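Note sheet for the following structure.
The values are calculated or read from the model by the stated rules, or taken from the named source; none is laboratory data. Every value quoted in this text rests on a predicted model; they were computed, and no experiment measured them. Glycine gets a Cβ as well: all are built from the backbone with ideal geometry, and neighbour counts include every protein chain shown. Areas reflect the complete protein model, heavy atoms only, side chains present, ligands, DNA and RNA absent. Shrake-Rupley method; radii C 1.70, N 1.55, O 1.52, S 1.80 Å.
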Protein chains: 4
Amino acid sequence: MTAVVACAKSGKKGQQPRLRADALRNRERLIAAARETMVEFGPEVPLDEIARRAGVGNATLYRHFADRPELIHHVTLSVMSRTADRAESALAEESDAFQALRRFVHAAVEERIGALCPLLSDGVDRDHPDLIAARERLEAAVEAVMGAARDSGQLRTDIAVGDLMVAITQLTRPLPGNSCTNFDQFVHRHLQLFLDGLQAPARSELPGAAATLDDLRRRS
Amino acid sequence: MTAVVACAKSGKKGQQPRLRADALRNRERLIAAARETMVEFGPEVPLDEIARRAGVGNATLYRHFADRPELIHHVTLSVMSRTADRAESALAEESDAFQALRRFVHAAVEERIGALCPLLSDGVDRDHPDLIAARERLEAAVEAVMGAARDSGQLRTDIAVGDLMVAITQLTRPLPGNSCTNFDQFVHRHLQLFLDGLQAPARSELPGAAATLDDLRRRS
Amino acid sequence: MTAVVACAKSGKKGQQPRLRADALRNRERLIAAARETMVEFGPEVPLDEIARRAGVGNATLYRHFADRPELIHHVTLSVMSRTADRAESALAEESDAFQALRRFVHAAVEERIGALCPLLSDGVDRDHPDLIAARERLEAAVEAVMGAARDSGQLRTDIAVGDLMVAITQLTRPLPGNSCTNFDQFVHRHLQLFLDGLQAPARSELPGAAATLDDLRRRS
Amino acid sequence: MTAVVACAKSGKKGQQPRLRADALRNRERLIAAARETMVEFGPEVPLDEIARRAGVGNATLYRHFADRPELIHHVTLSVMSRTADRAESALAEESDAFQALRRFVHAAVEERIGALCPLLSDGVDRDHPDLIAARERLEAAVEAVMGAARDSGQLRTDIAVGDLMVAITQLTRPLPGNSCTNFDQFVHRHLQLFLDGLQAPARSELPGAAATLDDLRRRS
DNA sequence: AATGAATGAGGGTTCATTCAT
DNA sequence: AATGAATGAACCCTCATTCAT
């Protein structure tokens, strides 16, 4: 009763060392499971638990990602990409420029961008080409949102993308442990307060200098 | 036989088991080392490393604190107490009420209040009498600062102590790993932006409800 | 160690998680090594030593048995099962009923039934279904031997299975430490003396009440 | 190095350092506490617990006994001495010789002679002069009881003191763990059965050879 | 390619023993 | 002499990673 299933894929031409369909599915499941479990249990969650959530054996995880940093690398790419999507759609779909910024900031919570912070700071290779590309795309998307708000005169002019991203990353970071049931309620309050601080006119003079995402790579 | 039991010391209030001088010194070294290493490496830092930093053997740590939660408990008390000190001196020494608030918020960074966040959420006993007392003292001190600013018409009226404390805790949380050399530079920018958002008049309506520190115990 | 999928295997009764051949071999080696080392060094023998004896890494032991109680549980099952075997073959192969009892008692030494005593009394779950089943099988097998001897008029009538099992367990318990080279020589003498005390007619009146194995679970 | 038994009476002249009265009291408290806690929790009980029970600091224990084996040595002497007392009074106070043996055997339970077994087998120096003396006294006392029973024709002739002592030691050994609430009830049943096996005429031929206490030292 | 199993290194904790008061 | 405190070694157990099926 062992019907031949996947082998019948003749006709597929792979100009690259293409992943088999099931392997690709596993890979994406693993990244999704890693994002969720790291948000839920912290970045130190056992890799076996991630594999279990993804419904694959632990060795399969290692076939796809050599070690934890590499897995984190790909989770980071995933989160950055989805966050850039949010920025783009916020800009496209909101008529008011500052309202687009508000929408983006609150939407970033759902993408668990707060999980990025633990992820970025470990032993990750911050100069990896894919990461640079993802960072540039994210920066461009967020800069577009901020630029529109700035151009409309509603956003103070002494801040840059890095300032915004670090702040919302910090404000949305999950608490260690897992007890944060109603925590999101606070998060949105704090984001709102922070957004109020971003509005023009500036109510105080900021210390330090405006930061881009690229600055974060080197500085923090 | 000159056996005079130590607790029979007269005059002094001896409700404590009377630590020997060197033991007390070790105890305080351990708490300080724990605060610093947890800020630097996260709350999962090996206890052996904390003991090493404190310059004592690992078992000495266990003599003073039965396990990690108990150590965290005492670090939390220490941070809360020192932070309350900061609030009190800010209020006492600044003539302008909102300026006192600004000073307190920026000073809290030095007390590593960001370390409180990981500490509060773990398996700590949030109802411990000492913790309740520390919380009440901290809340009173911060409320005094905020109340003065509110009374002077400079602080928006829709926020409470819990909102402030959680936000600055999150904004000042250290990055995992240890690479955060220039990170403080950003922290003070973000706190400044957040403070600008706190100023009256309120620029937007906040979601959720104002929170006290006691709410945090139950909610988050 | 609960496989979810493997049960779908057809034909064979697959209530077990389907261990791989080498894993099953390791598991049995571990139980054997545990029985021997616990007999030799007592029930507190380091688990690392057991793993070493079994020729596997320490973590392999933990893969199979979550902790010491679980390992002890399985050692107990093993000893009980093998002891029941002894009772059954003694009854089947000896023509004289009391001689069957003698043979069983002396044979139990070789099965290290003395190891059962330390094992039964610790933090083991005495109500585990497997243990109940093993206890019932052992009780039935020993009761068959005793019943035959009783029916033949050679065994005193005021004792039950629990009395016999506890006594031989105690008499055959290994000495702590490891010096018991010639100890078995004494053991067989004492068992013989005890068996003489079991013969009918009873030479004295016994205190207390006859005990089944189930009584031991609750009483001792 | 050891102070001889505490009964350093006047005849012995002070070749020993002459313990102060309170030190002597501590020493005896420690031995008593050790006997009790080892019976209750097994011979591996933490020395700190013994010191706590004795109401002294842990270092005081070490002042009196260099290490665990030395403490065990003295506990053993104590138990042997008290057991010899029991043999002597049984012989003196019972008119029937075999009844004196029964009384001694059941009385030995109260002296926790079963705790001797773990104690004897560890790293104890079995050739220590004090231990030899205690052994000889115990052997003489028990041999007197057995001899009387033998002479009266009620005790089988193929057993010696070692056989009896080992058997009752084993039969009365406490179970590891501490759950043995009603265990004594069984102990007396088994001792009674064993005593029945000791009665003349012998009902079977014993394997091995009769053992003295001195044999145990070398053989087991 | 996928997986269950194996493993060594490392952290948490206890405890026998030594040290300083 | 007595004691509270300190300590390192050893044990239990987990987990990232590798191996064999």
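For this structure, a couple of remarks:
- Summed over region D:64-74, the residues that are in a helix (DSSP H, G or I) and of a type in the set (A, V, I, L, M, F, W, C) give a count of 2.
- Scanning region C:20-34 for residues that are open to solvent by 80 Å² or more (accessible area, probe 1.4 Å) and within 8 Å of DNA strand E (Cβ to nearest atom) yields C:Arg20, C:Arg25.
This table checks each residue for (1) in a helix (DSSP H, G or I); (2) at pLDDT 65 or above; (3) within 30 Å of C:Gly114 (Cα to Cα).
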site	(1), (2), (3)
C:Thr2	no, no, no
C:Ser10	no, no, no
C:Gln16	no, no, yes
C:Glu28	yes, yes, yes
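- Candidates B:Ala66, B:Ala97, B:Ala107: the one that is out of contact with any Ser or Thr (no Cβ under 8 Å at 6 or more places or on another chain) and either within 14 Å of another protein chain (Cβ to nearest Cβ) or away from DNA strand F (no atom under 16 Å from the Cβ) (or both) is B:Ala107.
- Per the listing C:Leu77, C:Leu101, C:Leu91, the residue uniquely assigned to a helix (DSSP H, G or I), in the same structural domain as C:Asp125 (by TED's automatic domain parsing) and either open to solvent by 40 Å² or more (accessible area, probe 1.4 Å) or among the basic types (Lys, Arg) (or both) is C:Leu91.
- Filter result (more than 20 Å from A:Gln185 (Cα to Cα), over 24 Å from the mean Cα position of the chain (by Cα) and either aliphatic (A, V, I, L, M) or not assigned by TED's automatic domain parsing to the domain that holds B:Leu164 (or both)) within region B:188-213: B:Ala200
- Qualifying positions in region A:45-58 - within 9 Å of DNA strand F (Cβ to nearest atom), within 14 Å of chain C (Cβ to nearest Cβ) and part of a helix (DSSP H, G or I): A:Asp48, A:Asn58
- Failed item, numbered, when C:Val166 is tested on (1) buried (at least 21 other Cβ atoms within 10 Å of the Cβ); (2) closer than 25 Å to D:Asp158 by Cβ; (3) within 7 Å of chain D (Cβ to nearest Cβ): (2)
- Pairs, first of a type in the set (Gly, Ala, Ser) in region A:136-157, second open to solvent by less than 40 Å² (accessible area, probe 1.4 Å) and not in a helix (DSSP H, G or I), C-beta under 7 Å, six or more apart: A:Ala149/A:Leu155; A:Gly153/A:Ala200
- Residues in region A:35-73 that are open to solvent by less than 40 Å² (accessible area, probe 1.4 Å) and away from DNA strand E (no atom under 15 Å from the Cβ): A:Arg35, A:Thr37, A:Met38, A:Val39, A:Pro43, A:Val45, A:Ile72, A:His73.
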